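Every number in this text was worked out from the coordinates using simple rules, so none of it is lab data. From a predicted model like this one, the values you see are computed outputs, not experimental measurements. As a convention, Cβ positions derive from the backbone with ideal geometry for all residues, glycine included, and neighbour counts pool all protein chains shown.
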Amino acid sequence: MDANELIKQQVTGNSVVLYMKGSPDAPMCGFSAAAVQMLEACGVEDVATVNVLADEDIRQGIKDYSNWPTIPQLYINGEFVGGSDIMREMYQSGELQKLFEK
């Protein structure tokens, strides 16, 4: 399976996916750490995370898949939401929290 197929499977097979540098317990950059903190503040418990540092094909592939140049990247229900800056704006306005209301 090539990187694009794997990414598509990850994005469509999980309700919330965060492509990040490192893991939620050990983020490897401040932007990834901020993304995890915002998801936690929204009460999101079931997040599939993908450490892009573990696989160069995924690291480049996710940028191509979304046509977005930076990591982290958040997907909800198969849709690209954005990176940490967009997440921060959405969190501050209350939009991000609304995406997770049941």
If we count every other residue with Cβ under 12 angstrom of Lys8's Cβ, Lys/Arg +1 and Asp/Glu -1, where does the sum land? -3
Per-residue Cβ neighbour rank within 10 angstrom, fewest leading, Met28, Met87, Met38, Met1: Met1, Met28, Met38, Met87
Under 5 Å from the placed amide H of Ser23, counting only residues 5+ away or on other chains, we find Met28
Among the aspartates and glutamates, which have Cα under 16 Å from the Cα of Lys21 when same-chain residues fewer than 8 positions away are ignored? Asp55, Glu56, Asp57, Asp85
For Asp46 and Asn4, compute 0.36 nm times the residue count separating them, minus their Cα-Cα distance, and round to one decimal in nm. 12.8 nm
For Gly82, other-chain or 5+-apart residues with amide H closer than 5 Å (H placed, Pro excluded) are Leu74
Computed ³J(HN,Hα) along the range 5-17: with the Karplus parameters 6.51/-1.76/1.60, θ = phi - 60°, integer Hz and x for glycine or proline, the list is 5, 4, 4, 4, 5, 5, 5, 8, x, 10, 6, 9, 10
Calculated log10 I(q)/I(0) by the Debye sum over Cα atoms at q = 0.12, 0.21, 0.22, 0.23 Å⁻¹ (choose from [x] -0.47, -1.02, -1.09, -1.17; [y] -0.34, -1.07, -1.18, -1.29; [z] -0.49, -1.13, -1.20, -1.26), label: [y]
Rank-order 67-77, 40-50 by packing density, defined as the average count of other C-beta atoms within 10 Å over each peptide's residues, highest first. 67-77, 40-50
Tell me, Ser84, Ser93 in order of fewest to most beta-carbon neighbours within 10 Å? Ser93, Ser84
Antiparallel versus total DSSP beta bridges in the chain: what percent is that, nearest 5? 70
Which ³J(HN,Hα) values, rounded to whole Hz and listed in residue order, are derived for the range 85-93 from phi using the Karplus coefficients 6.51, -1.76 and 1.60 in 6.51 cos²θ - 1.76 cosθ + 1.60 with θ = phi - 60°, glycine and proline given as x? 5, 5, 4, 5, 4, 5, 5, 5, 8
Using R₀ = 22 Å, calculate the FRET efficiency as 1/(1 + (r/R₀)^6) where r is the Cβ-Cβ separation of Met28 and Glu89; round to 0.05. 0.40
